[in-house]
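Structure, as C-alpha cells:
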Amino acid sequence: MRARLLLLIAGGLVLGVCAGLLLVPGALDRILPKAGLASIGQATVGGPFSLVDQDGKRVTDQDFRGRYMLVFFGFTYCPDVCPSALQVISAALDKLGDKASRVTPVLITVDPERDTPEQLKSYVASFHPRLVGLTGTPQEIEAVARAYRAYYRKVKDERSTAGYTIDHTSIIYLMGPDGRFVSHFTHVSSVDTIVAGLSRYL
Ligand code: NI
C-alpha cells in the first residue's frame, strides 16, 4: 500500500517536471548543455585573448591587428612536433623575404606551468628573431585554446623530469589583419607549401 503511494507520488513528480519543461518558455534551453550549439552556423576559429609575451609584457589579440599572424600551439619541452613546426615556419618567413614583415609568427604555450616568459624567451629566439612566445595562467591558456578549437592534454611521461608531456594540436593557423581566421597549415606542411599559401595573401 505504502509502496504504491510512494510510486504514485514519484510518478506525479516526474509528470510535473515534464509538464513544467514543456510549459515554461526556454526551460529546456536552460537545462540542455549549450556547448556545441554555439558553433552551429558560424564555425569561428580564433578570438580575443590576453596573454603575456616572452618579455613579460601583457598583450592582447588587438596588438596584432593590421598584420597576419601565424599561430601555433605548442610548448618548449616538446621533443619533436613543435621544433619542426617552428623551424618550417621560420624557414618559410625567411624565404618570403620582405613580404614576411606582414606576418607575425606566434607560439602560444600549452604548458604554462613550465613555460614562463623567461623560458619562452630563449626558446623563441632560437627559431626566429620575430617569433613571439605567449604564456598566461592555466585559465587564460584554456580560454585561448578553446577559442582556436585547439586541443591539448597533459599525459604522464616517465622519461620527462617533470613527469608529464602534453599532447596537442599541430595546426598552424593563419589569421588575417582583422584577426579573423584565413587558412591553416600543419606541422607536416613543407616550407614551399607555407610560402605558396602565404603568398596568396601577401
Ligand atoms: Ni609539440
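Hey, among the residues in the stretch 72-114 that are within 17 Å of Ser126 (Cα to Cα) and away from the ligand (no atom under 14 Å from the Cβ), which one's most open to solvent (accessible area, probe 1.4 Å)? The selected residue is Asp94. For the stretch 162-182, the set of residues classified as surrounded by fewer than 14 Cβ atoms within 10 Å (Cβ to Cβ) and farther than 23 Å from Arg114 by Cα consists of Asp178, Arg180, listed by residue number. When Pro25 is tested against (1) part of a loop (DSSP other than H, G, I, E, B); (2) away from the ligand (no atom under 16 Å from the Cβ); (3) at pLDDT 95 or above, exactly one condition is not met: (3). Selection of first residues in the stretch 72-86 that are closer than 17 Å to Pro117 by Cβ and of second residues that are more than 6 Å from the ligand (Cβ to nearest atom) and of a type in the set (Lys, Arg), restricted to Cβ pairs under 8 Å at least 6 apart or on distinct chains, gives the following pairs, ordered by first then second residue: Phe75/Arg114; Thr76/Arg114; Tyr77/Arg114.
With respect to Thr186, determine if the residue is open to solvent by less than 50 Å² (accessible area, probe 1.4 Å), out of contact with any helix residue (DSSP H, G or I) (no Cβ under 6 Å at 6 or more places or on another chain) and modelled with pLDDT under 95. Against the criterion (open to solvent by less than 50 Å² (accessible area, probe 1.4 Å), out of contact with any helix residue (DSSP H, G or I) (no Cβ under 6 Å at 6 or more places or on another chain) and modelled with pLDDT under 95), Thr186 qualifies. Here the condition is being open to solvent by 70 Å² or more (accessible area, probe 1.4 Å), at pLDDT below 95, of a type in the set (Lys, Arg) and at negative phi; of Arg153, Arg200, Arg159, it holds for Arg159 alone.
Among the residues of the stretch 101-131, those that are more than 22 Å from Tyr151 (Cβ to Cβ) and charged (D, E, K, R) comprise Arg102, Glu118, Lys121, Arg130.
When Leu120, Leu174 are screened for being touching a strand residue (DSSP E or B) at 6+ places or on another chain (Cβ under 6 Å) and within 15 Å of the ligand (Cβ to nearest atom), only Leu120 passes.
The values are calculated or read from the model by the stated rules, or taken from the named source; none is laboratory data. Fair warning: this is a prediction, and the values are worked out from it, not measured in the lab. Methodologically, a virtual Cβ is constructed for each residue, glycine included, from the backbone with ideal geometry; neighbour enumeration extends over all protein chains shown. Please note that ligands, DNA and RNA were not included when accessible areas were found on the heavy atoms of the full protein model with its side chains. Shrake-Rupley method; radii C 1.70, N 1.55, O 1.52, S 1.80 Å.
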